[in-house]
Amino acid sequence: MLNHIKALACLLILSLPASAADTSSLVSESTMSEWFNAFKQRATPAQMYNFLHAMPKGGDIHHHLSGAGMSEWWWDIATNSKQNGGYTYYTKTAPTLCNGYGTNEFGFNPQLLMFHTVSAFTYEQLSICEKNNYTLLTNLSKTQKQAFLNSIRLDKPHEGRDEFFQTHWQRLGDMLLNPHIQAYLLLKNMQAYQQENVMYLETQLQVTDMRFPDGSAYTPKATAELFVEMLESDAAVDTNVQVRFQLAIVRFLPNAEQQLEEAWTFVDGHRGYFVGINFVGREDNDKGYPLRFLSTLRKLRAQSPPVSLSVHAGESDEPNTHIKDTLLLGADRIGHGYNLIGDPDTLLMMRNSPYLVEINLISNLLLEYAESIDEHPFPEYLRTGVPVTLSTDDRGMWSSNLTDEYYLAVSHFDLSWDELVELNTNAIVHSFMSNEDRETLLLRLKKETQRFIDNRLNNTPIADVQQHYTFICSYAPAVCSE
Ligand SMILES: [Zn+2]
């Protein structure tokens, strides 16, 4: 299917009328390559960052909605009853051993985990001893609030993979089950992406297990309607950021096959905004190995037209065949693909193939798959014809954005202008939108890129970025200090 899509995209670009304006745009593209080479030589870190921030970016197609909430956004929305649907939240600020020794500290209600957040409905069911361990979110002291904010992002040198996988999601607790908070996080992401000129967002979310304030369950349909209502609100439409959804299933859970069947049926019945399925959860949990899902997917493909699949694979320290196995599942895109470099047969097969690898540089660094950006295999993929694009994964938990990913790529790997255009274009060409929507967005990208080129060649000044997220200021302080 993707071959057909890529051919369409090429045809679209090649078949534009060869007017005088187009001939001049070809000239300006080659001039832009020279301009960018010279700019790289003279630009300060802040000037390069401003350039990449202003550059029209195709999209972010590896993005987890609940991992993409900045800590401040979570707090603001969770404490605003107008935005959060009328829920009240408490968070754990003291670790008294109310339940004695030997409790499950690896489940979703660990007794000793600070800043575990619960709704009023859950809170009311706690013992008096347990209630004393929790504080109303709006009553946190200044120090406690700062610690709450820091508890759901990687902000300290000792924090990495385990902190992320084993504590962040557990801390978010009942807030993850509130579809209103998720919908507002979606709006905040769209508004932030408008600021950095990102055109498309394909985000991973869930429509199951959501709860009303009284603890009763939302149907998946009612949850989906809330997301769509937000997408069609004036505030969201004003951003001009196009959004599509993938349903995420947690790959290592005992009922993952059932989740997959339900997600497939849901997407098949709601094609339009819902465009694909993803498998999430840490890949070093062996229970979620790719081939576990082969028979279920073959059964589903015998029952209805295909649902697009983008699947996390190769987010792993050890060399293994997860990427090959994931392609055998029928995946159209691979999330991370970090260890593809250690599987030469699959690497060769993916050169000039329709299968794109979604690269997440900051995630791979902070979760300790890459010891440094310099050793990341991204440039090898990019420069041997493996389709790639840049994406953010769980940007809220890194406190970063898509510009940061581009900045790291340019500053470590000396990307050319043509390579930047390729990364931007790939995000749309390999998106799971309908062919018609994809063509429309590709034309918009082309037009906005041309305007950006013209402005650079005319020496139009680029505005300074006013507010940076914390990752880039810590990783490359010169970007923020000029
Ligand atoms: Zn991911």
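No value in this document is a laboratory result; all are computed from the given coordinates. All figures in this text were calculated on a predicted structure; none of them were measured in a lab. Note: ideal-geometry Cβ built from the backbone for every residue, glycine included; neighbour counts use all protein chains shown.
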Using alpha-carbon coordinates, inclination of helix 220-231 to the longest axis of the chain, degrees:
50 degrees
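Which order do THR392, THR135 fall in if you start with the one that has the fewest other Cβ atoms within 10 Å?
Ordered by Cβ neighbours within 10 Å, fewest first: THR135, THR392.
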Roughly how many whole Å is it from the C-alpha centroid of the range 97-115 to that of the range 255-286?
30 Å
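How much net charge surrounds SER434 when only the other residues with a Cβ under 10 Å from the Cβ of SER434 are counted, with Lys and Arg +1 and Asp and Glu -1?
Its environment carries a net charge of 0.
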Using the Cα centre as the reference, give the magnitude of the dipole from point charges on the C-beta atoms of the chain (Lys, Arg: +1; Asp, Glu: -1; all else neutral), rounded to the nearest 20 debye.
640 debye
Sum -39500 (n - 2.57) across every DSSP H segment of at least 4 residues in the chain, then divide by the residue count to get the 222 nm mean residue ellipticity, nearest 500.
-13500 deg cm²/dmol
What angle, in degrees between 0 and 90 and rounded to the nearest 10, separates the Cα long axis of helix 2-14 from the longest principal axis of the Cα atoms of the chain?
40 degrees
Considering the options ASN133, GLN144, PHE121, tell which one lies farthest towards the positive end of the dipole of the range 88-173, charges being +1 on Lys and Arg and -1 on Asp and Glu at the Cβ, about the Cα centre.
GLN144
Cβ crowding within 10 Å averaged over residues, with 317-323, 107-113, 57-63 ranked highest first:
57-63, 317-323, 107-113
Scoring the chain by relative contact order with C-alpha pairs under 8 Å, at least six apart, yields a percentage of 21 percent
Order these by the 10 Å Cβ neighbour count, fewest first: PHE164, PHE39, PHE378, PHE266.
PHE39, PHE266, PHE164, PHE378
Helix 256-269: inclination vs the chain longest Cα principal axis, degrees, rounded to 10, gives 60 degrees
Count charges around MET199 for me, please; just the other residues with Cβ under 10 Å from its Cβ, Lys/Arg as +1, Asp/Glu as -1.
0
